[in-house]
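Comments concern the structure below.
The values are calculated or read from the model by the stated rules, or taken from the named source; none is laboratory data. Please read all numbers here as calculations on a predicted model, not as lab measurements. With ideal geometry, Cβ positions are generated from the backbone for all residues, glycine too; neighbour counts draw on all protein chains shown.
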Amino acid sequence: MTPKKEACLYDQPFMSTIKRLHQFKSVTCNLILLLQFITFANVYGQPAGYFRNPLDIPIALSANFAEIRTNHFHSGFDLRTNGETGYKVYAAADGVVSRIKVSSGGFGNVLYISHPNGYMTVYAHLDRFNDAIASYVKQQQYAKQSFEVELFPDASKFSFKKGELIAYSGNSGSSGGPHLHFEIRDASGETYPLNPASFYSLKDTIAPKLTAAYLYDLQSNNADPVKYSLQKNKTGYRMNGDSITVSQQVIGIALEAADYMNNTSNDYGIYEYRLQLDDKLIYSVKFERLDFANGRYVNAFIDYKMLKVSGEKIQKLFRLPGDRNNIYHGLVNDGKIILTDGVFHKIEVIATDAYQNSSRLTFFAKSTLKSNASTPIAGKGTIFRYQEPNSFTSDSIQLNLPANILYEDIVFNYAAKTGDTKRHSATHQVHNISTPVHDNYTISILPRFIPPALQSKALIVYDDGTGIKSTKTSRWEGKWLTARAREFGYFYVLLDTVAPKITCDNVKQNQLFTANTIRFSITDKLSGIVSYKGLLDGRWILMEYDAKNDRLQCTLDKQTAAGEHTLKVIVTDDVKNESTYTLKFKK
């Protein structure tokens, strides 16, 4: 999720504090906040003790900062809630609610609190807000006639003291289980999450575990690395034998590693990597701060092909030429190891966690190659240069890729397959799923004849070749069906003429209903649900949508009179197929 930058109340910590102090409730409160800020400003580094635990149970992590996730780095701590929802969530410090969002996916129910020192804390996947915030949100939902809302209340609307109740933990949005996602964002803008480990001291005496090292031939652009299993000894980690000979002069190294903490079996992401050649630093990455705008560069940081093929998350310790993330430091030759003199060189990798437990891999390497000439990029196909716009045209497909959406040059490959009568075009194999794409490109497909009455139901489908399919919002440009894509793989055209399915889960027609919540299951086979609406006796009623569980529900308020009622539910998919379910019940 990329928040709107203007949502942040504080651009400069000190001036913002002065400007905002008047919005708190009392002079005493203002003085306390100012003193807290002055104390913070005079302490080098992070404000120790400024933020409290947002829960009233000990902090235990199910995920840490900067763990590798699909298309992004994890931006906070996931705090365990013992597999349950409903734990009280407290303001981590004095502050004001500057943003509230409710959505069926993503962070679900989430609160953003801005603090007088310019920092912001984020509390996500909440089950519900406290009564005052919940009442305000519901009022806004009815005013906008929308379950999904993003609100920016005035700073005087909701102010909290450190430790006051703000919400209850949950499992809303795209959460995979009950927990509290908690972030701290820095004073320079809402788009920069900080590592919460800088603010909280957790028990961790366990060093990262190194499982395997991978060596890449960066001279001949051979994409398949050589794997070396690692063994631990008294001084660190080693390969089988501490010296290796390679047939390249330019190599890269990647590491399979994970971190662990006391009293948990979870594995976590590594805080810092350092790569040294002959005791000189040539690559460093330390996860103290992230930028949401650069999140997708995680696909350049890892071996993306390995992730797609085997599910393994391998961290490259060299930077690809198209990787513009700002997480790297101390780079020499982008972390490439250059071996030109035929003698052994010392290579060290140090992996460190946020509490300064370290593990070290040491080995020696030399090259037998006498010539240092690079081998041209190999393979049959069209060469796409990562720094340039690229295009491809065949008789029934057109591709237009902007510059800098690839991380390195590739030999682009394309194939088409016909014969599937259920599809309204050929199946176009656009390169391969193992190559990451950083941003959107345009794909246009020339379908087989589609009657004019059905053209509005046509859409481009993406298939990654493993059974996972998704659709692209598509539009017609003359005879071509066009969409935007952000991945390579298989593309074809289908028609979606089937409306969403609606079933009521807990109320029967014309029956007496004594509970308050009416639940529906809503599903769509292809293009996906994009809108839903409920009308109770002709008036709009709030329908809460849980996308991951295909659940839509409404709660009848106390003003719902006894007698007969009609609830109409209308659900629409992305190509405007619409279903209506009418429930008659007695209250």
Check: In the range 548-564, which residues are surrounded by fewer than 18 Cβ atoms within 10 Å (Cβ to Cβ) and closer than 20 Å to ASN171 by Cα?
Finding: LYS548, ASN549, ASP550, ARG551, GLN553, THR555
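Here is a yes/no grid of residues against (1) closer than 30 Å to VAL110 by Cβ; (2) in contact (Cβ under 8 Å) with a residue 24 or more places away in the chain; (3) in the same structural domain as LEU61 (by TED's automatic domain parsing):
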residue	(1), (2), (3)
ILE184	yes, yes, yes
THR191	yes, yes, yes
ASP217	no, yes, no
LYS227	no, no, no
GLY236	no, yes, no
SER243	no, yes, no
VAL250	no, yes, no
ALA254	no, yes, no
Checklist line | Matching option when the condition is closer than 30 Å to ASP439 by Cα and surrounded by fewer than 21 Cβ atoms within 10 Å (Cβ to Cβ), among ILE68, ILE100, ILE59 | finding: ILE68
Margin query: Residue pairs, Cβ under 7 Å, 6 or more apart or interchain, first in the range 515-539 and at positive phi and surrounded by 14 or more Cβ atoms within 10 Å (Cβ to Cβ), second in a strand (DSSP E or B) and not β-branched (Val, Ile, Thr). List them.
Written below: GLY528/ASP573
Margin query: Please go through the range 50-109 and give me each residue that is of a type in the set (Gly, Ala, Ser), out of contact with any Ser or Thr (no Cβ under 8 Å at 6 or more places or on another chain) and assigned to a strand (DSSP E or B), ordered by number.
Written below: SER62, ALA63
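Looking at the range 261-292 only, could you name the residues that are charged (D, E, K, R) and under 20 Å from PHE73 (Cα atoms)?
If the condition is that a residue be charged (D, E, K, R) and under 20 Å from PHE73 (Cα atoms), then ASP267, GLU272, ARG274, LYS286, GLU288, ARG289, ASP291 are the ones that fit.
Each row is one residue, and each column tells you yes or no for (1) part of a loop (DSSP other than H, G, I, E, B); (2) in the same structural domain as GLY106 (by TED's automatic domain parsing); (3) over 30 Å from TYR297 (Cβ atoms).
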| residue | (1), (2), (3) |
| --- | --- |
| ARG484 | no, no, no |
| ALA515 | yes, no, yes |
| ARG519 | no, no, yes |
| ILE522 | no, no, yes |
| LYS533 | no, no, yes |
| TRP540 | no, no, yes |
| GLN553 | no, no, yes |
| LYS568 | no, no, yes |
| THR580 | no, no, yes |
Check: Taking strands (runs of 3 or more DSSP E) that do not extend beyond the range 162-230, which have at least 2 residues that are of a type in the set (Phe, Trp, Tyr)?
Finding: 209-217
Note to self: So THR503 ticks every box in (1) in a strand (DSSP E or B); (2) surrounded by 14 or more Cβ atoms within 10 Å (Cβ to Cβ) but one. Which box is left unticked?
What the structure shows: (2)
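Quick check on the range 530-562: of everything there that is among the small types (Gly, Ala, Ser) and at pLDDT below 95, which residue is farthest from LYS138 (Cα to Cα)?
Keep residues of the range 530-562 that are among the small types (Gly, Ala, Ser), which gives 531, 534, 538, 547, 561-562.
Subset that is at pLDDT below 95: 561-562.
Values: ALA561: 20, ALA562: 23 Å.
Checking each candidate, the answer is ALA562.
For the range 237-304, which strands (runs of 3 or more DSSP E) that fit wholly inside it have 1 or more residues that are within 27 Å of the chain's Cα centre (by Cα) and buried (at least 19 other Cβ atoms within 10 Å of the Cβ)?
By residue number, 250-258, 272-277, 280-286.
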Item checked: Subset of the range 25-81 [at pLDDT 50 or above and under 22 Å from PHE158 (Cα atoms)] -> TYR50, PHE51, ARG52, ASN53, PRO54, LEU55, ASP56
Checklist line | Subset of the range 465-492 that is surrounded by fewer than 18 Cβ atoms within 10 Å (Cβ to Cβ), modelled with pLDDT of 95 or more and of a type in the set (A, V, I, L, M, F, W, C) - its residue that is nearest to ASP524 (Cα to Cα) | finding: TRP476
